[in-house]
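The values are calculated or read from the model by the stated rules, or taken from the named source; none is laboratory data. Remember, predicted model here, so these are calculated numbers, not experimental data. Glycine also receives a Cβ, built like all others from the backbone with ideal geometry; neighbour counts cover every protein chain displayed.
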């Protein structure tokens with residue numbers, strides 16, 4: 001008498017710890033790169049503003065560098 005054939009239990013493949021650390025590092029790098037791009041674009045926009053626009057924000061032309069440096073760190 002033969003036993004009925006059972007399908008093997010298949011589980012989802014798991015990633016190795018190395019792969020998980022690598023993917024985490026890549027995501028972190030991409031996030032930091034995007035933040036740097038946004039920061040650079042914001043800085044360029046702020047530097048290119050007219051004195052009138054800067055006064056509307058409540059800062060003067062001489063304070064732009066201070067604002068940019070303060071938010072950098």
* Note down all Cβ pairs under 8 Å where the first residue falls in segment 1-22 and is on the phi < 0 side of the Ramachandran plot and at pLDDT below 90, the second is surrounded by 10 or more Cβ atoms within 10 Å (Cβ to Cβ) and not in a loop (DSSP other than H, G, I, E, B), and they're at least six residues apart or on different chains. => 15/23
* Structure fact -> Considering segment 40-59, residues that are in contact with a helix residue (DSSP H, G or I) (Cβ under 7 Å, 6 or more places away or on another chain) and in a helix (DSSP H, G or I), and then whichever is surrounded by the fewest Cβ atoms within 10 Å (Cβ to Cβ), we arrive at 51
